[in-house]
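Written below as structure tokens is the structure these notes are about.
The values are calculated or read from the model by the stated rules, or taken from the named source; none is laboratory data. Owing to the predicted nature of the structure, the values given are computational and were not obtained by experimental measurement. Cβ coordinates were reconstructed from backbone atoms using ideal geometry, including for glycine residues, and neighbour counts include every protein chain displayed. Accessible surface areas use protein heavy atoms only, side chains included; no ligands, DNA or RNA. Shrake-Rupley method; radii C 1.70, N 1.55, O 1.52, S 1.80 Å.
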Amino acid sequence: MKKPYSTFFIKLLILLVYFFVSGSSSGQTFLKITDASNPIASDPGHTAGTYVGTAWVDIDNDGWLDLFVCRNGVYKNLRNGNFSKIATGLELNSNVLSTTWADYNNDGFTDCFLVSTTASKSFLYKNNGDGSFTKITTGAIADSAYNTGWGSTWGDYNNDGFVDLVIAAANGFGVVNHPSRFWKNNGDGSFTKIDTTQFTMLNAPYTCPSFYDYDQDGDIDLFIGSGPAGSLARDYNYKNLLKETGNPYLQRIDTSIIGTDPVDGQVWNFIDYDNDGDLDGFLTNYSTRNNLYRNEGNGYYVKMTEAQVGNIVNGGNANLTNLWGDFDNDGFIDCFVTKDNNNPSRFYHNNGNGTFTSLDTISICAGGGPRFGATAGDYNKDGKLDVFVSGITQFKGLFLNIHPNANKWVNIKCSGTTSNRSALGTRIKAKAVINGTPMWQTREINAANSFNSMNALNVHFGFGAASQIDSLVVMWPSGLKQTFTNVTLNNFYNLTEGGSLTSEVKTVSSEIPNSISLKQNYPNPFNPSTKIQFTINKSSEVSLKVFDVNGREVAELLKGNYSAGTYEAELDGNKYSLSSGVYFYTLSTSGYSETRKLNLIK
């Protein structure tokens, strides 16, 4: 059946939401989800001073991001915009602060470490592959009292293909009165304590750790905020000497401003905010302004001033998270900063010329605070990064990115083989012509890039009005370098180390067809999977959805802006937990809709 329809009212609704939510005709737009049937919206937040972390993570490998919130639990993505809170075996005690996720045993499922400042609450949880987790209670890693701390992160510091664990111990908080912990993964499910580095021997008010290859030499380096809130000191930042000496030793950075500047550090991120090919440093501070360090090359950094970059470096104090992502897909990475106490959060839009504009009136910044951890990920698979923010009840929330532009994007999930399975430490560079200028963008995959929190492990790029990715370069921790050219935009890709870049939607032909059409799926009937092909004759916003006989949406196979051509999507009945029966699939574009019937027989 075909249903041509006018898009005037849809466009009008988007524009009205845009103006009312953002209060501006330009800038970023988020919509806070308030539907009481969505447990993410209806569950309570946390009291001031609890500093709870959060993470987007696909716990069951169904291709859709689920949400974990410390003390609340796991919210399974139902793929229709809603979530279901599920029992998983992860302990949700009232003292857990930090979470970090990675596949520590390389079995294909992402595991979890939870950290608390209270004794007997910090544990490793193995993902069983069915949505449940088993707490590890044997071996050295199971000594929970020893592992009390504040923040945590996974990272493969010795490039042996297995992720190692750092627990930052905020001395004087809770029962924590010991140095930070460093656990080497032995590759057989067990861990060995490393106690020969400075941060494992020195008591200090460590806050949030993060691994980044800041000097891009092929080994990951470690950055730990100094805390405590209210005083200035050097952060605990360490260069990895693996590439220089063959020995994976973390040596404190004593000669660069990023290691010697007196700060009140909370979270470090290394991002290429100016798209010049190297990684710049950004640090949130609690009792003073934030710091942005521009990389001038050869390890030399310059601390930027407000006159140079805008008030991203002078946005007041009580700063916690700094969360980076290209939220409007214009090709330049933006920054969201959460704040403690009764301070409103800040969103800084990257203007693309080395400066930032603070968008103080958008919904994600509305009201005061506190807001604690935050995580970015495309949970509804529309090509735009959404955000969940933890905080007290009135300020925490799920914020859907509804920016109405048609900027292009890609989303890539990487899986290591020789490198660690979660691909931590993998660096991806993408070159495209944006606004007439060829430019490179850089991303690095890590498991802690927010306050006691982490973003989705998927890599997301925005590309403005670019026509394609001219060159996509992937540098794995193993040393393997892969290059792909003429990559199609507006796609979700999977990449296994050494393999091909595969799309969830296959481009059959880029030849411009005469009309829009939806083909009959093949095979039909099918079990367990079938392919659906369609053509579009001009660049359009396209969605392809599957419904049951009651009209309930059971799968969204694609949603985004696609160039003219012929495409093929696959429906896997097992992936979407479909039972035998008749279903309908609908292709919708601007001014056009077509539906066909398919039959699953098990």
Q | Cβ-based net charge around L558, under 15 Å, with every Lys or Arg adding one and every Asp or Glu removing one | A | 0
Q: Using label points projected 7 Å from each Cα along Cα→Cβ, tell me how many nm separate K597 and Q216, to one decimal.
A: 5.7
Q. Picking from T153, A87, F336, whose Cα lies most toward the positive end of the charge dipole for the chain (charges on Cβ: Lys, Arg +1; Asp, Glu -1)?
A. A87
Q. Which of Y75, S345, P477 sits closest to the plus end of the dipole of the chain, meaning its Cα is farthest towards the positive end, when Lys and Arg get +1 and Asp and Glu get -1 on the C-beta?
A. Y75
Q. At q = 0.08, 0.09, 0.11 Å⁻¹, what is the log10 ratio I(q)/I(0) for the chain, with the Debye formula run over Cα points and no solvent?
A. -0.53, -0.67, -1.02
Q) Roughly speaking, what is the centre-to-centre gap between the range 543-593 and the range 21-92 when only Cα atoms are used, to the nearest Å? A) 25
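Could you tally the net charge around S500, taking each other residue with its Cβ under 14 Å from the Cβ of S500, Lys/Arg +1 and Asp/Glu -1?
On the way: positive: K413, K506; negative: E497, E504.
Around S500, the charge tally is 0.
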Q. What distance in nm separates the simple spin-label points at K519 and N486, each placed 7 Å from Cα in the Cβ direction?
A. 2.1
**Q.** Dimensionless Rg/Rh of the range 281-423 - Kirkwood Rh, Rg from C-alpha atoms
**A.** 0.99
Q: Return the sequence-ordered ³J(HN,Hα) values of the range 386-394 in whole Hz as given by the Karplus equation 6.51 cos²θ - 1.76 cosθ + 1.60 applied to θ = phi - 60°, using x for Gly and Pro.
A: 9, 9, 10, 10, 8, x, 5, 3, 6
Q. Short version: ³J(HN,Hα) in whole Hz for each residue of the range 259-273, in order, from phi by Karplus 6.51 cos²θ - 1.76 cosθ + 1.60 (θ = phi - 60°), x for Gly and Pro, what are they?
A. x, 10, 5, x, 9, 10, x, 10, 9, 9, 9, 10, 9, 9, 6
**Q.** Accessible area in the full protein assembly, largest first, 1.4 Å probe, for D274, D164
**A.** D274, D164
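Suppose R0 equals 41 Å. What FRET efficiency, 1/(1 + (r/R0)^6) with r the Cβ-Cβ distance, do S120 and S37 give to the nearest 0.05? Mind dumping the intermediate values first?
Working: r = 36 Å, r/R0 = 0.88.
Working from the Cβ atoms, E equals 0.70.
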Q. Hey, what do the phi angles of the range 442-447 turn into as Karplus ³J(HN,Hα) couplings, whole Hz, using 6.51/-1.76/1.60 and θ = phi - 60°, x for Gly and Pro?
A. 10, 9, 9, 8, 8, 10
Q. Where the accessible area of the range 200-240 is counted over protein heavy atoms with a 1.4 Å probe, how much of it, in %, is carbon and sulfur?
A. 61
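When Lys and Arg each count +1 and Asp and Glu each count -1, what net charge do the other residues less than 14 Å away from F372, Cβ to Cβ, add up to?
On the way: positive: R71, K339, R371, K396; negative: D340.
That works out to +3.
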**Q.** Sequence-separation-based contact order of the chain, relative, with Cα cut under 8 Å and 6+ spacing, percent
**A.** 13
Q.
Can you compute the radius of gyration and Dmax for the range 486-556, using only the Cα atoms, both in Å?
A. 14.6, 44
Q | Volume per residue that the Cα convex hull of the range 214-318 spans, once the total is divided by residue count, Å³ | A | 89
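Which value, in Å², gives the accessible area per residue of the chain when a 1.4 Å probe is used on the protein heavy atoms?
Averaged over the residues of the chain, the accessible area is 35 Å².
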Q: Please state the charge dipole magnitude for the range 364-480, taken about the Cα centre, from unit charges on C-beta atoms (+1 on K and R, -1 on D and E), reported in debye and rounded to the nearest 20.
A: 120
Q | Kirkwood-based shape ratio for the range 29-77, expressed as Rg/Rh from alpha carbons | A | 0.99
**Q.** For the chain, size of Cβ-based charge dipole, Lys and Arg +1, Asp and Glu -1, in debye
**A.** 1460
Q) For the residue pair T288 and L232, what label-to-label distance in nm results when each label sits 7 Å from Cα along the Cα-to-beta-carbon direction? A) 0.3
